Amino acid sequence: MNDHGRRRLGVILGVGLACGLLPGITLTGTETVDIVLSVLMASLVMTVLTQVIFIGPSGRVPLPALLGFGLAGFVQDALIWWLLSWLGPTITYLHVDGLSTILLAALITRSTLLLLSQLGPAAETAED
């Protein structure tokens, strides 16, 4: 899996974990399909915005650089979760309650993304 695929997977897993683990994120749909579509919509918004403005390593990096990327990406993810908390009730059944939930969701999402980005190969070599 290439770097873009790992990033997308990290975002999708992070959003799914945040929606499933945090009590401040409620999915109020009456049908299972409504809930799944709400998580997919949140994942889609998060994936598109993190791909348009990508903050993160493209492979393994030393710990100080990883912490810098993580902090900048955390701010980006918090802003996206804030956007989702504002838009969520109007376009889906997703409700995000409070700043603490937004910050925890951003932490879960960015941690998952960084973890998967560091699981890739140490260095990509060109094959002849």
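The values are calculated or read from the model by the stated rules, or taken from the named source; none is laboratory data. Remember, predicted model here, so these are calculated numbers, not experimental data. Because the Cβ atoms are built from the backbone with ideal geometry, glycine has one as well, and the counts that use them run over all protein chains shown. Calculation scope for accessible area: heavy atoms of the full protein, side chains included, ligands and nucleic acids excluded. Shrake-Rupley method; radii C 1.70, N 1.55, O 1.52, S 1.80 Å.
Structure summary
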read-out: Test: residue in the range 75-82 that is in a helix (DSSP H, G or I), in contact with a helix residue (DSSP H, G or I) (Cβ under 8 Å, 6 or more places away or on another chain) and charged (D, E, K, R); value: yes
read-out: Residue check, Gly24 of a type outside the set (D, E, K, R), touching a residue at least 24 places away in the same chain (Cβ under 8 Å) and open to solvent by less than 30 Å² (accessible area, probe 1.4 Å); value: yes
read-out: Among the candidates Gly59, Gly29, Gly68, residue that is touching a Gly at 6+ places or on another chain (Cβ under 9 Å), open to solvent by less than 50 Å² (accessible area, probe 1.4 Å), over 17 Å from Ile12 (Cα atoms) and modelled with pLDDT under 90; value: Gly59
read-out: Selection within the range 83-114 - modelled with pLDDT of 85 or more, assigned to a helix (DSSP H, G or I) and among the aliphatic types (A, V, I, L, M); value: Leu83, Leu84, Leu99, Ile102, Leu103, Leu104, Ala105, Ala106, Leu107, Ile108, Leu113
read-out: Lone unmet requirement of (1) within 12 Å of the chain's Cα centre (by Cα); (2) surrounded by 19 or more Cβ atoms within 10 Å (Cβ to Cβ) for Phe54; value: (2)
